[in-house]
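Scroll down for the structure; my scribbles are underneath it.
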Amino acid sequence: MNTIVTMISEDDTGEIGIDTFGQFVVWINDEESDDRRGYGLVDPREMKCPICDKGWDLTAKGVMDQYMCGRTRASSALVHKSCYVKWKQFDERQLVIQAIDQSNFEMVGIHNIPSQYSSGWNTAWYEIEVDNPNILSIVMGRRKRVYSIEISTRKGINLEIVDDAFKNEDVTKSFNDNTILLHAWSDEKLFEYLTWLSVIL
Ligand SMILES: [Zn+2]
């Protein structure tokens, strides 16, 4: 990253400024060593995050809290990364609840658990308790584009019925005596699989 030629601000966490190419850059001080790391970022000074309707703290750490949300340049919006994570996680919580609600499972509890997908910084995983004596837990969470469903049972699984129900589904799936693992490739498939499982188990 390039050296700052016009300093905007300086604080304990690092420096913010403009480099020789007119780019907005941030140099972050490493808390543990004397190292510094430079990043080219979007200049957020005139912007407001559409999630919280607030601007950015003009500290090195403050402006690092940014994420460009959207697939195309035209539809993108700069948001606080911290806001995006909270919004995304709540959105996925709603999806999980909706998936359970439309099945025959009756939810009695939902718990936020650490993401079990290593690069899932913006995803939340959930453990759901249902009113079904055979089910120990249902764990759901996103792995990149797929939704992972993992069910542990108390009394076991009728493998013949489960194999048969999912025989035409060309997805990652693994069924054994007490666990079911399935990957759903869309929200519709997530809803469908949970409905089938709520009937079978
Ligand atoms: Zn925000």
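The values are calculated or read from the model by the stated rules, or taken from the named source; none is laboratory data. Just so you know, these numbers come straight off a predicted model, no measurement behind them. Reconstructed Cβ throughout: ideal geometry from the backbone, glycine too, with neighbour counts over all protein chains shown.
What are the residues in region 80-115 that are within 16 Å of residue 147 (Cβ to Cβ) and within 16 Å of the ligand (Cβ to nearest atom), if any?
88, 89, 91
For (1) assigned to a strand (DSSP E or B); (2) near the ligand (Cβ under 10 Å from one of its atoms); (3) within 18 Å of residue 10 (Cα to Cα), each residue gets a yes or a no:
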| position | (1), (2), (3) |
| --- | --- |
| 31 | no, no, yes |
| 38 | yes, no, yes |
| 43 | no, no, yes |
| 52 | no, yes, no |
| 56 | no, yes, yes |
| 72 | no, no, no |
| 75 | no, no, no |
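Tally up the residues in region 138-166 that are more than 14 Å from residue 192 (Cβ to Cβ) and in a loop (DSSP other than H, G, I, E, B), please.
Looking only at that region, the number is 7.
Regarding region 123-141, can at least one residue be identified that is over 20 Å from residue 108 (Cβ atoms) and either more than 19 Å from the chain's Cα centre (by Cα) or basic (Lys, Arg) (or both)? Show your work before the answer.
The initial filter retains those residues of region 123-141 that are over 20 Å from residue 108 (Cβ atoms), namely 123.
Narrowing further to those that are either more than 19 Å from the chain's Cα centre (by Cα) or basic (Lys, Arg) (or both): none.
No: region 123-141 contains no residue that is over 20 Å from residue 108 (Cβ atoms) and either more than 19 Å from the chain's Cα centre (by Cα) or basic (Lys, Arg) (or both).
Criterion first (farther than 26 Å from residue 115 by Cα, at pLDDT 95 or above and touching a His at 6+ places or on another chain (Cβ under 8 Å)) does residue 27 satisfy it?
Working: farther than 26 Å from residue 115 by Cα: yes; at pLDDT 95 or above: yes; touching a His at 6+ places or on another chain (Cβ under 8 Å): no.
Spelling it out, it is not the case that residue 27 is farther than 26 Å from residue 115 by Cα, at pLDDT 95 or above and touching a His at 6+ places or on another chain (Cβ under 8 Å).
Please enumerate the residues belonging to region 58-70 that are crowded, with 17+ Cβ neighbours inside 10 Å, assigned to a loop (DSSP other than H, G, I, E, B) and more than 10 Å from the ligand (Cβ to nearest atom).
Within region 58-70, 59 is the sole residue that qualifies.
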